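Please read the structure below before turning to the comments.
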Amino acid sequence: MQKYEAERAEKAEAVPELERKVRAHLENQVDTDRWLEIIRRYTEISELDETILFELVDRIEVGDTQKVNGQRICEVKVYYRFVGLV
């Protein structure tokens, strides 16, 4: 009986973490579905305008400028809405 109670307590402790993982997975699925819905509208963009940019991009990070072989280079990271850095 003690073994059963110990096992039950162990599984009860695992439930909140498993529930959190399920919620995170479902949120990720919802975000993916939203992204696909948005991106399908813009499969043939001929010109990037402000509306499209605000709908697709969450933020843009521009790194420090460095000189490499006489050229100025900096790292640019584009974080898309719902999917993050791609």
(message) So, in segment 1-47, how many residues would count as being touching a helix residue (DSSP H, G or I) at 6+ places or on another chain (Cβ under 9 Å) and not in a helix (DSSP H, G or I)?
(response) 2
(request) Would you please list the contacts, defined by Cβ atoms under 8 Å and residues six or more apart or on different chains, that run from a residue in segment 29-41 that is free of Cβ contacts under 8 Å to residues at least 24 places away in the same chain to a residue that is surrounded by 11 or more Cβ atoms within 10 Å (Cβ to Cβ) and assigned to a helix (DSSP H, G or I)? (result) Ile39/Leu56
(request) Residue by residue through segment 66-86, note down the ones that are in a strand (DSSP E or B) and either of a type in the set (Gly, Ala, Ser) or exposed (fewer than 10 other Cβ atoms within 10 Å of the Cβ) (or both). (result) Lys67, Val68, Gln71, Arg72, Cys74, Val76, Gly84
(message) Considering only segment 60-76, I want to know if a residue exists there that is modelled with pLDDT under 90 and either under 25 Å from Ala24 (Cα atoms) or touching a Ser or Thr at 6+ places or on another chain (Cβ under 7 Å) (or both).
(response) no
(request) Please name all residue pairs, on different chains or six or more residues apart, with Cβ atoms under 8 Å, provided the first residue is in segment 61-86 and is touching a residue at least 40 places away in the same chain (Cβ under 8 Å) and the second residue is part of a strand (DSSP E or B) and of a type in the set (A, V, I, L, M, F, W, C). (result) Tyr80/Val57; Arg81/Val57
(request) Considering each residue of segment 26-51, count those that are surrounded by 10 or more Cβ atoms within 10 Å (Cβ to Cβ) and closer than 15 Å to Phe82 by Cβ, and give that number. (result) 16
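The values are calculated or read from the model by the stated rules, or taken from the named source; none is laboratory data. It should be emphasised that the depicted structure is a prediction, and the values quoted were computed from it without experimental measurement. Glycine gets a Cβ as well: all are built from the backbone with ideal geometry, and neighbour counts include every protein chain shown.
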